[in-house]
Amino acid sequence: RTFPEKEAPIVKRVIHTTADFEYADSLVFSPGAVDKALEALKNGACIVTDTNMGKSGINKRALASLGGEVYCFMADEDVAKKAAASGTTRAVASMEKAAEMGKDCIFAVGNAPTALVRLYELIQEGKIHPKLIIGVPVGFVNVVPSKELIISLPDTPYIVARGRKGGSNVAAAICNALIYQLTRK
């Protein structure tokens with residue numbers, strides 16, 4: 001199989017990470033998503049993850065060479081307090097915290113469908129304009145509908161793994177595949 005030149009390294013890295021060839025069919029890219037993500041990374045965009053595991057898997061040194069940083073707010077005390085006070089999840093509160101940063105962000109969601117749903121809402125409310133959403137949560141509850149919400153956004157670049165498969169390792173693999181297109185020449 002062949003893939004567009006800039007998508008191929010992403011698909012290959014995800015398959016290599018998971019040993020699952022189904023990603024060749026389930027990964028979907030919005031038009032121009034990779035080019036937009038690469039441009040954002042060249043300009044120092046940060047990456048926000050929904051798990052510390054995802055954050056751990058991203059090559060922070062390579063990202064820093066582009067001027068970016070990786071953030072995960074899930075374990076932050078203020079996020080836990082906000083989630084408890086509002087009766088929501090830490091994933092929702094962490095996306096809200098990211099929206100308040102005022103930075104160009106790529107969101108890499110590999111675990112929490114509620115993070116994708118809240119990103120969708122924040123975009124609809126005009127409170128955030130992600131440079132890219134990587135939507136690859138794994139599981140059963142609300143996973144597929146949350147991914148389809150992201151795919152329905154007309155002006156937001158995305159890379160989504162349709163269906164129930166994904167995970168923090170997949171989110172990190174996609175981030176690294178993007179970063180390495182800029183740092184490993």
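Residues in the range 156-165 that are crowded, with 24+ Cβ neighbours inside 10 Å and either out of contact with any Lys or Arg (no Cβ under 8 Å at 6 or more places or on another chain) or charged (D, E, K, R) (or both): 1 in all. Within the set TYR120, TYR180, the sole residue that is assigned to a helix (DSSP H, G or I), touching a residue at least 24 places away in the same chain (Cβ under 8 Å), surrounded by fewer than 18 Cβ atoms within 10 Å (Cβ to Cβ) and aromatic (Phe, Trp, Tyr) turns out to be TYR180. Any residue in the range 139-160 that is in contact (Cβ under 8 Å) with a residue 24 or more places away in the chain and within 14 Å of PHE107 (Cβ to Cβ) sitting within a Cβ distance under 8 Å of a residue that is buried (at least 21 other Cβ atoms within 10 Å of the Cβ) and of a type in the set (D, E, K, R)? List the pairs, counting only those 6 or more apart or interchain. Short answer, once both residue conditions are applied: PRO157/LYS131; VAL160/LYS147.
Checked against the criterion of being surrounded by 14 or more Cβ atoms within 10 Å (Cβ to Cβ), polar (S, T, N, Q) and within 20 Å of ARG118 (Cα to Cα), the range 17-31 has at least one qualifying residue.
Quick grid of which residues meet (1) in contact with a Gly (Cβ under 6 Å, 6 or more places away or on another chain); (2) basic (Lys, Arg); (3) under 19 Å from LEU27 (Cα atoms):
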| position | (1), (2), (3) |
| --- | --- |
| SER86 | no, no, no |
| GLY110 | yes, no, yes |
| PRO113 | no, no, yes |
| ARG118 | no, yes, no |
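Suppose the filter is under 24 Å from LYS103 (Cα atoms), of a type in the set (Gly, Ala, Ser) and open to solvent by less than 50 Å² (accessible area, probe 1.4 Å); does GLY126 pass it? Taking the combined requirement at face value, the residue satisfies it.
The values are calculated or read from the model by the stated rules, or taken from the named source; none is laboratory data. Treat the numbers as computed from the prediction; the structure is a model and nothing was measured. Please note: Cβ atoms are built from the backbone with ideal geometry, for glycine as well, and neighbour counts cover all protein chains shown. For accessibility, only protein heavy atoms count, side chains too; no ligands or nucleic acids. Shrake-Rupley method; radii C 1.70, N 1.55, O 1.52, S 1.80 Å.
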